[in-house]
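To start, the structure itself, in structure tokens.
No lab work stands behind these numbers, since they all come straight from the coordinates. Everything numeric here is computed off the predicted structure, so don't read it as measured data. Here the Cβ positions follow ideal geometry from the backbone for every residue, glycine too, while neighbour counts run over all protein chains shown.
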């Protein structure tokens with residue numbers, strides 16, 4: 001059980017989800033699969049989430065005036081180091097990757113800035129809802145645009161359509177996590193998508209996202225084939241159903257295995273459909 005908890009708490013599982021989403025991108029856009037890019041997506045995600053974890057833990061320790069005990073962060077630092085080594089090696093082999101990840105890198109830095117200053121400044125509290133949008137954008141860019149630019153040095157029309165579909169899908173997952181924290185965020189006067197609406201309105205927002213994504217998949221992604229379209233739309237439907245389920249309090253693994261696992265489910269289903 002400790003091993004399973006380690007895999008989830010150190011963002012290894014969610015990094016695999018990101019890697020598999022990039023594989024799905026290669027399938028949907030009909031590009032030749034490049035495992036070096038898939039692995040890069042894995043380590044970029046691993047780096048970001050472990051850096052985020054360290055910053056949040058550090059902030060909590062400082063807030064409670066706890067001593068900063070470096071061994072407490074040892075596993076996070078180790079995973080960050082391994083990620084940096086792989087990413088740096090990728091940059092040496094393909095310098096153009098530096099330019100490609102610059103955009104999501106800036107978005108991620110803004111996201112981190114919002115999160116580590118959460119509750120400290122009124123202005124930041126009021127724009128807190130941007131963090132879900134920024135995170136959804138970063139995920140969509142890293143798992144769609146990055147593979148496209150790294151492989152073809154351009155973003156095809158099909159890749160652009162997949163990007164918007166992926167953005168809406170990630171936004172739905174982000175709202176689920178926003179609602180999980182809604183009581184704590186309201187107590188701290190932190191603005192999020194979940195605090196901007198009451199429960200009924202939020203269901204409406206999610207239904208609109210479901211509708212938009214389904215229509216988008218149906219009309220703009222016909223080229224990927226009916227089976228792939230069905231997989232994408234079913235993943236969106238499941239995201240909506242998981243949101244309904246999340247209206248009642250759920251445990252840690254619901255969010256970090258089932259909700260995050262929707263990304264893995266969608267990707268594996270796309271892979272199986274190609275066999």
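Some observations on this one:
- Helix-only mean residue ellipticity at 222 nm for the chain, each DSSP H run of n ≥ 4 adding -39500 (n - 2.57), per residue, nearest 500: -24000 deg cm²/dmol
- What the Cβ-Cβ distance of residue 93 and residue 237 gives, at R0 = 41 Å and to the nearest 0.05, is a FRET efficiency of 0.55.
- Inter-site label distance for residue 207 and residue 121 at 7 Å from Cα along Cβ, in nm: 3.9
- Of 190, 58, the sequence from fewest to most neighbouring Cβ atoms within 10 angstrom is 58, 190.
- By the beta-carbon count within 10 Å of each Cβ, the least crowded to most crowded order of 25, 132, 45, fewest first, is 132, 45, 25.
- Rounded, prolate or oblate (a/c below 1.5 giving rounded, otherwise prolate when a/b exceeds b/c) for the range 13-169 by Cα gyration tensor: oblate
- Sorted peptide list for 107-115, 256-264, criterion being average Cβ within 10 angstrom, highest first: 256-264, 107-115
- The alpha carbon gyration tensor of the range 157-275 gives principal lengths a ≥ b ≥ c with a/c of 1.5 or higher and a/b greater than b/c, which makes the shape prolate.
- Dimensionless Rg/Rh of the chain - Kirkwood Rh, Rg from C-alpha atoms: 0.96
- When the convex hull of its Cα atoms is projected in every direction, mean area for the range 82-209 (nm²): 9.2
- Each label point was placed 7 Å from the Cα along the Cα-to-Cβ direction; for residue 273 and residue 1 their separation is 3.8 nm.
- Entry for the range 95-143 at q = 0.17, 0.19, 0.24 Å⁻¹: log10 I(q)/I(0) = -0.52, -0.61, -0.82, Debye formula applied to identical alpha-carbon scatterers, no solvent contribution.
- The chain, relative contact order [Cα under 8 Å, separation at least 6], %: 23
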